[in-house]
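Remarks on the structure that follows.
The values are calculated or read from the model by the stated rules, or taken from the named source; none is laboratory data. From a predicted model like this one, the values you see are computed outputs, not experimental measurements. Cβ placement follows ideal geometry from the backbone for every residue including glycine, while neighbour counts extend to all protein chains displayed. We work out accessible area using only protein heavy atoms, side chains counted, and drop any ligands, DNA or RNA first. Shrake-Rupley method; radii C 1.70, N 1.55, O 1.52, S 1.80 Å.
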Amino acid sequence: MVIRADIGVIGGSGFYSLLDEAEEVEVATPYGPPSDVVTVGRIGSRPVAFIPRHGRDHRFPPHRIPYRANLWALRSLGVRQVLAPSAVGSLKPELGPGAIVVPDQLVDRTSGRAQTYYDAGGAVHVSFADPYCPSGREVAVAAARAGEWQTADGGTLVVIEGPRFSTRAESQWFQRNGWTIVGMTGFPEAALARELALCYTSLSLVTDHDAGVEAGEGVTHEEVLAFFARNVARMRTLVSDTVQALPEERTCSCGSALDGIKLPFELP
Ligand SMILES: [Zn+2]
């Protein structure tokens, strides 16, 4: 039997227990192995493929995650809609720990990451004006609100290279630009998803305020991990609810992102 799933989740290892009838699949890609073996199972009636973004043992720091292999592996298993839960810092005093942001914009402040599949075979330019799937966003916002999360519908995620956190000056600069949250993994994940014509939706859980917001002390890794651990069960429910409410058939434009573009390779 060929193992297939049409929904992909890339997130923390706390999400394993979401999947019923789970099977592990090793997927080879032209970009090397994904962060870990892919677990394919069901959430409700929906077939889902799950990849722990940092690897099961958390061996990949944000700047070393094999992003290209992860998205490629998901698409090759049949995935067309990707849900990406992650932990973020907030740049807004009113969005404190425990808020869910479903961003609609992204600013890339990473450097040196492999961020495209179109490395050879001619120039290919995909539209990335709106980096997130509108249908996925709508579903995620509704699920978060139904789960009684403080929910921000839209906002700008600035992705920093890490693994260090922001300086106060950087954080204040992000705030002055009107950006909403800071993370380390949302790029190139979103761009690679678009290059494979996948829907991509970010579910960002605020774990803390970034340095410089409300003159806080700044962030420690322990604080982020402790907060995330306390919220893992609730996040599981949110991811599960969102997955089950995603459309069976895509009506958004994500799937036609590559129409009329001559690709240097066959899509998996
Ligand atoms: Zn879409």
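Some points to look at:
- Cα centre as origin, Lys/Arg/Asp/Glu Cβ charges: the range 169-268 dipole, Debye: 220 debye
- Remark: spin-label model distance Thr237-Gln150 equals 1.8 nm, labels positioned 7 Å along the Cα→Cβ axis.
- Average projection area in nm² (convex hull over Cα atoms of the range 1-137, one quarter of hull surface): 10.3 nm²
- Per residue accessible area of the chain, 1.4 Å probe, in Å²: 43 Å²
- The length gained on full extension between Glu138 and Ala114, counted as 0.36 nm times the residue separation minus their Cα-Cα distance, comes to 5.7 nm.
- Helix-derived mean residue ellipticity, 222 nm - over the chain, DSSP H n ≥ 4, -39500 (n - 2.57), to 500: -8000 deg cm²/dmol
- Net lengthening on full extension, Trp173/Ala229 (0.36 nm per residue, minus Cα-Cα): 17.2 nm
- On Cα atoms only, tilt of 67-76 relative to the major axis of the chain in degrees: 40 degrees
- Here the translational diffusion coefficient of the chain follows from Stokes-Einstein with Rh set to the Kirkwood radius across Cα pairs; for 20 °C and 1.002 mPa s it amounts to 116 µm²/s.
- GNM result for the chain, Cα springs below 10 Å: residue of Gly186, Gly44, Gly121 fluctuating most strongly: Gly121
- With the simple spin-label model, which puts each label point 7 Å out from Cα in the Cβ direction, the Val126 to Tyr16 separation comes to 3.0 nm.
- Centre-to-centre separation between the Cα atoms of the range 88-115 and those of the range 1-76: 22 Å.
- In the range 159-268, chymotrypsin sites (Phe, Trp or Tyr not before Pro) in a DSSP loop with at most 14 other beta-carbon atoms within 10 Å: Phe265
- Qualifying GluC sites (Glu not before Pro) in the range 5-76, where qualification requires a DSSP coil assignment and no more than 15 other C-beta atoms within 10 Å, comprise Glu26.
- For Val82, the residues whose modelled amide H falls within less than 5 Å of its own, excluding neighbours fewer than 5 places apart on the same chain, are Gly8, Cys199, Tyr200, Thr201.
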